[in-house]
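Read the structure below first, then the notes.
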Amino acid sequence: MILRVLTLAGGVAGAAVTSQFPEFSQQYTQRLGGAVDALAQVTADFDASAQAVGLSRDAALAQMQGTEFLERRRADMALTFVRYERLRNDLNALEGEGPFMRAYNLPRLTDSQIAQAAWQAYQPAVPLNFAGILFGFTGFVLGGGLLGAVLKVLLWPFRRRARGHANPA
């Protein structure tokens, strides 16, 4: 009886967590778009400065040396360009997609800065649309199944002992 109650609790917890994915992923995607816009501006400004003196981006980065500050700035800009490309590719894959395709592209929702900002502003809610209900049902099945399986494995040695004591041979 306790095993069933705990399994049900695991299912309800799984449903509560996974039903939030459609809205959270939408908010993540919106923040991703804002980050891409900001990084695009930084990249365009750097490229314009480089072109104004007849340099490519790589050549301009290569010239940023000689002092500790310039070395740090060069490394920061190189990381900015890499992050911009990665986030732009993520946005291209996620933009305009529904919650099921965002779930399919889950590895593209992994930028920690964006996820943290989205989580801080996120307000959990009970989704009453098809996607929320389906994600909730999936979470219920996965949460209940996972917790039920873990509990059965943990209790398995005790069941063998109980059976052994009930039927002395």
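The values are calculated or read from the model by the stated rules, or taken from the named source; none is laboratory data. What you are looking at is a predicted structure, and each value in this text was computed from that prediction instead of being measured. Just the protein is used for accessible areas: all its heavy atoms, side chains included, with ligands, DNA and RNA removed. Shrake-Rupley method; radii C 1.70, N 1.55, O 1.52, S 1.80 Å.
Quick notes on this one:
- Relative contact order, percent, the chain [alpha-carbon distance under 8 Å, six or more residues apart]: 52
- Legend: residues E68, E95, E85, sorted from most to least accessible area (1.4 Å probe; ligands, DNA and RNA excluded), read E68, E95, E85.
- Ranked from largest, the principal axis spans of the Cα set of the stretch 47-90 equal 35, 24, 11 Å.
- Nearest 10 degrees, 0 to 90: helix 112-121 Cα axis against the chain principal axis: 70
- Nearest-ten-degree value, helix 2-18 long axis tilted from longest Cα axis of the chain: 20
- Take the stretch 28-115 with all the other protein chains still there, run a 1.4 Å probe, and you get 61 Å² of accessible area per residue.
- Based on alpha carbons, the Rg and Dmax found for the stretch 69-157 are 19.6, 63 Å.
- Mean separation of Cα pairs under 8 Å and 6 or more residues apart, divided by the residue count, gives the stretch 24-93 a relative contact order of 41 percent.
- Percent breakdown of C-alpha pair distances by 5 Å bin, ordered from the shortest bin, for the stretch 2-109: 2, 11, 15, 14, 12, 10, 10, 8, 6, 4, 3, 2, 2, 1, 0
- HN-Hα J in Hz across the stretch 143-155 - Karplus 6.51, -1.76, 1.60, θ = phi - 60°, x for Gly and Pro: x, x, x, 5, 5, x, 5, 4, 5, 5, 5, 5, 8
- Extension gain (nm, one decimal) between L55 and E97, 0.36 nm per residue minus Cα-Cα: 11.3 nm
- The accessible surface of the stretch 1-106, taken with every protein chain in place and a 1.4 Å probe, is 59 percent carbon and sulfur.
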